[in-house]
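K.L.:
Just dropping this structure here.
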There are 2 protein chains.
Amino acid sequence: LSNEAIFIELMRAIANDPAARGLLDDVAVVPFGSETLILTHDMMVEGVHWLPDGDPADIAWKLVAANLSDLAAKGAEPFGVLLGYMLGDSNWDHRFAAGLKEALGHYSVSLLGGDSVGRKELTDPRAIGLTALGRATYLPVPSRTGAKAGDRLWVTGTLGDACAGFRCLSSGMTGHDALVHAFNRPEPRLYEGKILAPNINAMMDVSDGLLLDAHRMAEASGLALTLYLDTIPLSDAYRNLCGNRLENIIEATNWGDDYELLFAAVDQNPVRKLCSSVATQIGFFSEGKGLTLISNDEIVSLPAILGFQHQ
Amino acid sequence: LSNEAIFIELMRAIANDPAARGLLDDVAVVPFGSETLILTHDMMVEGVHWLPDGDPADIAWKLVAANLSDLAAKGAEPFGVLLGYMLGDSNWDHRFAAGLKEALGHYSVSLLGGDSVGRKELTDPRAIGLTALGRATYLPVPSRTGAKAGDRLWVTGTLGDACAGFRCLSSGMTGHDALVHAFNRPEPRLYEGKILAPNINAMMDVSDGLLLDAHRMAEASGLALTLYLDTIPLSDAYRNLCGNRLENIIEATNWGDDYELLFAAVDQNPVRKLCSSVATQIGFFSEGKGLTLISNDEIVSLPAILGFQHQ
């Protein structure tokens, strides 16, 4: 087991409150007064989550987007954030503040508070945390545990663009603005999350790679999942840069940073119609366990790495 | 201006929501459904907020306590936390989890969620953030801006113990368990905060040093503040180790990590009686501005450093 897996098990033993949802769901769901509060916290670390020469405005945007994406997957309406900020140099801080303002303004979310701290050495890598708060728009709040045998698996948007964008950035390749934009400025699916929430059986966002996150949904729901790799939605920009072969499809599904919504829904109208208006059907759940990949009517062996996990 | 002061000004320009209280109050106060949510986020950094050889269980305790202290100062009843955790080695993680469990159990607060992240290099200093949530027990929720001319300033407990405990720890001096305990395991004044909230005009916790925090309350309230240094409450343990001279009193007031409550209240019974049952009167507010220190009926010049601020 990785250190991360061990630590999450330690935390799970502490998190007995039903609001924690067994730490299985990226969010906490807290009945509060007459409403339901939905909370999430994401942390980003220099050198792990962003390139050392990344624009701090993009980093701020992505930190906001990654948190709002967790709320989107629960059909929540975000309203506020708290920031835990490690001070950098003055230029960095100014650019970060500009990106934060832009992202919060774009999504009409308030900066409510937070904390700023110094570093021991100015060369120490920064860590920045964000807590995002939203209100539930539909009860019960979608979980990742609710998929049923026979449900279809759907995903919004296209996959792999951020991965390709990252490769362009790290290799200095220019001319692929849409892919770089997908990496730097992901757009959480808040609208889709709200219209889907009343109509699906399980929902989560894809942040660590489709294969890993889809496998997590199947495991949490106690089901087997079959994925049709040939139906995985890829953008033209991705196909043009990376290609369209099986290995390119798999690369688009095990890297992460997509911030699309992944959901399980019954295969009946009008649900099917609604789902197909915002997403692509890519697989189905059945009794049993495990993840099966299909391409060209053949079973494809699982890649060694299903997605992004900390060591 | 320090980088921290500049960054906080940048954040203040973004934080227009009244729930943010102009980032003046360590907490956000969010009307939500039929109740009022109170939120705070504190971050701690290895080498800045804790000694490299500190017990991770103590660090976890202190992170919880520092956050709950902010809630205590608003009369809030805490109910949950979200953790942003940078993975260490396995032993460190286990000890941290043990301390977290102990602190949360002690205060009946739930772990609701969070995030764990890797570090680029295992030698990089850790940063850990905690968001704490509580519900208001009294409206309006106390602020630090509400002191009135004529109000008396009070502080709970004793000051400087954590400072003295830190000095014992860093110099390897043994036999001062109470002081070391004050540094490692501060106890937020949750009970006092709740009984004081309906009876005071302004309240905050003392975390960055009494002089700095009291000065902040006076500034936020648009008033002058006079402090009687000879009335500053010091523990016997502090007096025995550090002494009782003016310089020792000042040292107890400009270091921080006290997590006591500082509040302004009208000088009339029954409020005075209630305040004196949980706190010590140390000064008074008047029209004007600035901080005046008095000892032995003489004005004492302000020390160069009023408290702890990040560079």
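K.L.:
Quote the total accessible area buried by chains A and B together, excluding ligands, DNA and RNA, probe 1.4 Å, nearest 100 Å². Please list the in-between numbers first.
P.N.:
Details: alone 14780 and 14810 Å², together 24210 Å².
By this definition, chains A and B bury close to 5400 Å².
K.L.:
When each copy gets a label point 7 Å from Cα toward the beta-carbon at A:Ala13, what are the spacings between them in nm, shortest first?
P.N.:
4.9
K.L.:
Please report, in whole Å, how far the alpha carbons of region A:33-174 spread along each principal axis, starting with the longest.
P.N.:
51, 41, 26
K.L.:
Compare the peptides A:239-251, B:49-61, B:125-137, A:213-225 by average per-residue count of other Cβ atoms within 10 angstrom and give them in order, highest first.
P.N.:
Numbers: A:239-251: 15.9, B:49-61: 18.2, B:125-137: 24.6, A:213-225: 21.1.
Ranking the peptides A:239-251, B:49-61, B:125-137, A:213-225 by packing returns B:125-137, A:213-225, B:49-61, A:239-251.
K.L.:
Leaving ligands, DNA and RNA out of it, rank B:Ser277, A:Ser207 by accessible area with a 1.4 Å probe, largest first.
P.N.:
Values: B:Ser277 80, A:Ser207 30 Å².
Sorted descending by solvent-accessible area, the residues read B:Ser277, A:Ser207.
K.L.:
Give me the extension gain from B:Lys273 to B:Ser171: residue separation times 0.36 nm, minus the current Cα-Cα distance, reported in nm with one decimal. All intermediate terms of the calculation are to be shown ahead of the outcome.
P.N.:
Working: separation 102, 0.36 × 102 = 36.72 nm, distance 4.13 nm.
My answer for the length gained is 32.6 nm.
K.L.:
Kirkwood Rh, Cα Rg: Rg to Rh for region B:257-311?
P.N.:
Numbers: Rg = 14.3 Å, Rh = 14.2 Å.
Radius of gyration relative to Kirkwood radius: 1.01.
K.L.:
Then there's this: With the full set of protein chains in place, find how many percent of the accessible area of the protein assembly as shown is carbon and sulfur; take the probe as 1.4 Å.
P.N.:
Details: 12120 of 24210 Å².
Carbon-and-sulfur percentage of accessible area, whole number: 50.
K.L.:
Just counting partner chain Cβ atoms within 10 Å, what average do the residues of peptide A:15-23 show around their Cβ?
P.N.:
For peptide A:15-23, the averaged partner shielding equals 4.
K.L.:
Taking 0.36 nm per residue of separation and subtracting the Cα-Cα distance, what length does fully extending B:Glu121 through B:Ser295 add?
P.N.:
In short, 57.6 nm is gained.
K.L.:
Continuing with this model, one more query. Return one whole number: the accessible area per residue of chain B in Å², for a 1.4 Å probe. Could you put the intermediate results ahead of the total?
P.N.:
On the way: 12120 Å² over 311 residues.
Result: 39 Å² per residue.
K.L.:
Next question, about the same structure. Could you give the radius of gyration (one decimal) and Dmax (whole number) of the Cα atoms in region B:140-212, in Å?
P.N.:
Cα-based Rg and Dmax for region B:140-212 come out at 15.3, 46 Å.
K.L.:
So for the protein assembly as shown, what are the equivalent ellipsoid semi-axes in whole Å, largest first, each being the square root of 5 times an eigenvalue of the Cα gyration tensor? Kindly include the intermediate steps, with their values, before the conclusion.
P.N.:
Details: eigenvalues 465, 114, 96 Å².
Equivalent ellipsoid semi-axes, largest first: 48, 24, 22 Å.
K.L.:
Distances in nm, one decimal, shortest first, from B:Arg245 to the same residue in every other copy, taking the label point 7 angstrom along Cα→Cβ.
P.N.:
Spelled out, the distances from B:Arg245's label point are 8.1 nm.
K.L.:
Sticking with this structure for a sec: In vacuo Debye scattering of region A:1-77, one point per C-alpha: log10 I(q)/I(0) at q = 0.11, 0.12, 0.20, 0.24 Å⁻¹?
P.N.:
Taking Cα atoms of region A:1-77 as identical point scatterers yields -0.39, -0.46, -0.99, -1.11.
K.L.:
Another question, then. Which value in nm describes the separation of the simple spin-label points at A:Glu287 and B:Asn240, placed 7 Å from the Cα toward the beta carbon?
P.N.:
About 7.2 nm separates the two model spin labels.
K.L.:
When the convex hull of the Cα atoms of region B:1-42 is projected onto a plane and the area is averaged over all directions, what value comes out in nm²? Intermediate results must be reported in sequence, preceding the final value.
P.N.:
Values: hull surface 13.1 nm².
Average projection, Cα convex hull of region B:1-42: 3.3 nm².
K.L.:
Which percent of the Cα-Cα distances in region A:179-244 go past 16 Å?
P.N.:
On the way: 1367 of 2145 pairs.
Percent of Cα pairs beyond 16 Å in region A:179-244: 64.
K.L.:
To one decimal in nm, how far is B:Asp267 from the same spot in the other copies, if labels go 7 Å from Cα toward Cβ? Please give the shortest first.
P.N.:
Those separations, rounded to one decimal, come out as 8.0 nm.
K.L.:
Let me ask another. Calculate the tail of P(r) for region A:71-121: the fraction of all Cα-Cα distances greater than 14 Å, expressed in %.
P.N.:
Numbers: 785 of 1275 pairs.
Here the tail beyond 14 Å accounts for 62 percent of pairs.
K.L.:
Partner chain Cβ atoms within 10 Å, averaged over the residues of A:29-42 - can you pull that number for me? Working shown, then result.
P.N.:
Numbers: counts 2, 8, 1, 11, 8, 4, 4, 2, 8, 0, 8, 6, 13, 5.
Average per residue, whole number: 6.
K.L.:
Cα-Cα pairs above 23 Å in region B:211-311: how many percent? If you can, show how the numbers build up before the last one.
P.N.:
Details: 1377 of 5050 pairs.
Of all Cα-Cα distances in region B:211-311, 27 percent exceed 23 Å.
K.L.:
I've got another one for you. For region B:19-58, which semi-axes, largest first and in whole Å, follow from the square roots of 5 times the eigenvalues of its Cα gyration tensor? Write down the numbers at each step before the final one.
P.N.:
Values: eigenvalues 206, 32, 5 Å².
Ellipsoid semi-axes (Å, largest first): 32, 13, 5.
K.L.:
While we're on this one: Given Cα positions, please report Rg to Rh for chain B, the hydrodynamic radius being the Kirkwood one.
P.N.:
Working: Rg = 19.1 Å, Rh = 20.0 Å.
With Rg and the Kirkwood Rh in hand, the quotient comes to 0.96.
K.L.:
Same structure again: At a threshold of 8 angstrom on Cα-Cα distance, excluding pairs fewer than six apart, so keeping six or more, what relative contact order does chain B reach in percent?
P.N.:
On the way: 679 pairs, mean separation 69.3, N = 311.
It comes to 22 percent, rounded to a whole number.
K.L.:
What is the dipole size for region B:216-264, taken about its Cα centre, with +1 at each Lys and Arg Cβ and -1 at each Asp and Glu Cβ, in debye to the nearest 20?
P.N.:
100 debye
The values are calculated or read from the model by the stated rules, or taken from the named source; none is laboratory data. Predicted model, so just to flag it, every value in this text is computed and none were measured. Backbone-built Cβ (ideal geometry, glycine too); neighbour counts: all protein chains shown. Note: areas computed on protein heavy atoms with side chains; ligands, DNA, RNA excluded. Shrake-Rupley method; radii C 1.70, N 1.55, O 1.52, S 1.80 Å.
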